[in-house]
Amino acid sequence: MTVLALDNASPGGSDQDAFLADAQRYRRELLAHCYRMTGSLHDAEDLVQETYLRAWKSFGNFQGKSSIRTWLYRIATNTCLTALDGRKRRPLPTGLGGPAADPNDDITPRHEIAWLEPLPEAPREDPSDPSVIAESRESVRLAFIAALQHLSPRQRAVLVLREVLQWKAAEVGEAIGASTAAVNSLLQRARAQLDEIQPTRDDEPATPDSPEAAAMLAKYTAAFENYDMDALVELFTADAVWEMPPFEGWYRGPADIVTLSKNHCPADKAGDMRFLTTSANGQPVAALYMINPDTGRHEAFQLHVLDIRPGGVAHVVAFMEPSLFAKFGLPDAL
């Protein structure tokens with residue numbers, strides 16, 4: 001047996017360190033898997049580490065009945081299920097169940113809530129690679145991850161393993177310790193709940209590297225940087241939604257979104273805001289840097305994850321968590 005063949009062969013005890021080194025090629029897709037399960041980048045990173053630790057410790061029990069990759073997914077899934085036991089779901093403001101807020105009202109941060117987090121996008125590789133298929137953009141889009149949070153952990157695991165990773169029901173049952181009938185029942189209930197939570201749209205979202213997304217992102221950042229609220233209004237769809245955890249309110253429609261910005265954004269003139277662009281969750285991202293009057297520098301402020309449709313910007317989740325900037329390889333200040 002060679003190290004290169006570890007994915008299809010049964011490793012021996014003397015190959016334990018070689019296995020761990022080789023298994024690192026699955027780290028990114030396991031991170032995406034744990035992120036789908038938890039809705040948290042920070043938790044997913046910790047759970048991937050725990051997955052590798054458990055795999056290393058139980059290496060001698062691996063019998064080669066499945067690939068190393070499948071074995072790691074089983075360990076990661078059960079590691080996530082253990083971690084999620086008793087935990088509350090991670091919502092976005094729209095998932096709290098309240099109606100759209102009035103942009104003229106005060107805004108209230110809820111730091112005690114563990115909010116959903118964005119996932120930085122990895123460089124695109126060969127689309128025929130199974131790891132890329134497993135990490136497809138559609139399966140990590142914010143709307144999908146937010147919808148998954150409404151499912152029980154076991155429903156979440158079954159849905160992801162069956163519909164994202166395309167495992168057979170028997171394989172899923174073996175992974176989570178359930179019968180095939182129980183897996184099918186969990187999947188049926190999960191699908192029904194998702195249909196209620198996430199209505200199907202006819203139009204397709206623009207991918208971060210599409211010309212449509214690039215053009216809209218340029219207009220979006222220019223409108224903010226120039227403090228051109230009239231231009232900003234024109235960029236949103238009629239039913240656009242804006243939300244910005246840790247604030248619990250969410251807002252619908254271009255007029256309310258712009259009113260919110262005028263009332264509560266620290267910027268009030270052109271030049272107060274600057275942007276860098278990147279991508280997360282298979283979506284374009286505008287990273288906002290706000291002027292600090294005391295230092296004169298533009299400092300990390302919000303990550304705007306955009307859902308761009310043919311009619312304009314349909315949804316923005318503005319994550320007000322400057323510590324996330326480092327996770328995206330972005331500077332703290334400009």
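The values are calculated or read from the model by the stated rules, or taken from the named source; none is laboratory data. Please read these numbers as outputs of a predicted model, since none were measured by experiment. All Cβ positions, even for glycine, are placed from backbone atoms using ideal geometry, and neighbour counts span all protein chains on display. Protein only, heavy atoms only, side chains kept; ligands, DNA and RNA dropped before computing areas. Shrake-Rupley method; radii C 1.70, N 1.55, O 1.52, S 1.80 Å.
With an 8 Å Cα cut-off and a minimum separation of 6 or more residues, compute the relative contact order for the chain in percent. All intermediate terms of the calculation are to be shown ahead of the outcome.
On the way: 518 pairs, mean separation 55.4, N = 334.
After rounding, I find 17 percent.
For the chain, find the longest principal axis of its Cα atoms and tell me its angle to the long axis of helix 180-197, 0 to 90°, nearest 10.
Computed tilt is about 0 degrees.
What number, in percent, do you get for the relative contact order of region 213-334 if the mean sequence gap of Cα pairs under 8 Å and at least 6 apart is divided by its residue count? Write out the running numbers ahead of the final one.
Numbers: 226 pairs, mean separation 29.6, N = 122.
Relative contact order of region 213-334: 24 percent.
Compute the accessible area per residue over region 119-269, keeping the other protein chains in place, probe 1.4 Å, unit Å². Write down the numbers at each step before the final one.
Details: 7330 Å² over 151 residues.
Ligands and nucleic acids excluded, the result is 49 Å² per residue.
Place a +1 charge on the Cβ of each Lys and Arg in the chain and a -1 charge on the Cβ of each Asp and Glu, then give the dipole magnitude about the Cα centre in debye, rounded to the nearest 20. Could the numbers behind the result be given before it?
Details: 32 positive and 46 negative charges, 254 e Å.
Roughly 1220 debye for the chain.
Please report the relative contact order for region 270-334, taking Cα pairs under 8 Å with a sequence separation of at least 6, and give it as a percent rounded to a whole number.
On the way: 120 pairs, mean separation 16.6, N = 65.
RCO, region 270-334: 25 percent.
Ranked highest first by average number of other Cβ atoms within 10 Å, how do 261-272, 185-196 line up? Numbers along the way, then the final one.
Working: 261-272: 13.2, 185-196: 15.6.
Ranked by mean Cβ neighbours within 10 Å, highest first: 185-196, 261-272.
Can you list, bin by bin at 5 Å, the percent of alpha carbon pairs in region 257-313, starting at 0?
4, 17, 21, 24, 19, 11, 3, 1, 0
Please work out how much length the chain gains when fully extended from M229 to R87, using 0.36 nm per residue of separation minus the C-alpha to C-alpha distance, in nm with one decimal. Mind showing how you got there, number by number?
Values: separation 142, 0.36 × 142 = 51.12 nm, distance 4.07 nm.
Fully extending the segment from M229 to R87 adds 47.1 nm.
Just read off the accessible area of E121 with the full protein assembly in place, 1.4 Å probe, to the nearest 10 Å².
40 Å²
Which whole-percent values make up P(r) of region 143-186 when all C-alpha to C-alpha distances are grouped in 5 Å steps starting at zero?
Result, from short to long distances: 5, 26, 35, 19, 11, 3 percent.
Under 37 °C and 0.692 mPa s, how fast does region 211-328 diffuse according to Stokes-Einstein, given a Kirkwood radius computed over C-alpha pairs? Answer in µm²/s, whole number. Walk me through the numbers before you get to the answer.
Working: Rh = 14.3 Å.
It comes out at roughly 230 µm²/s.
Quick one: pull the percent of accessible area on the chain belonging to carbon and sulfur, 1.4 Å probe, ligands and nucleic acids left out. Walk me through the numbers on the way to the answer.
On the way: 7660 of 15460 Å².
About 50 percent, which is the carbon plus sulfur part of the accessible surface.
Taking K168 as the anchor, which lysines have their alpha carbon closer than 21 Å to its alpha carbon, excluding any fewer than eight residues away along the same chain?
The reachable lysines, counting only those whose Cα sits under 21 Å from K168, are K65.
For the Cα atoms of the chain, what angle does the longest principal axis make with the long axis of helix 41-57, in degrees from 0 to 90, nearest 10?
10 degrees
What whole-number distance in Å separates the alpha-carbon centres of region 189-206 and region 260-320?
For region 189-206 versus region 260-320, the Cα centre distance is 27 Å.
Tell me, what is the Rg over Rh of region 132-257, with Rh the Kirkwood radius over Cα pairs?
Numbers: Rg = 19.1 Å, Rh = 17.4 Å.
Reported Rg/Rh, Kirkwood definition of Rh: 1.09.
Mind pulling the angle between the C-alpha long axis of helix 254-264 and the longest principal axis of the chain? Nearest 10 degrees, somewhere in 0 to 90.
Approximately 80 degrees, to the nearest 10.
Name the shape class, rounded, prolate or oblate, that the alpha-carbon gyration tensor gives for region 15-118, where a ≥ b ≥ c are the square roots of its eigenvalues, rounded holds for a/c under 1.5, and otherwise prolate holds if a/b is larger than b/c and oblate otherwise.
On the way: a/c = 3.57, a/b = 3.18, b/c = 1.12.
Because a/c hits 1.5 or more and a/b exceeds b/c, region 15-118 counts as prolate.
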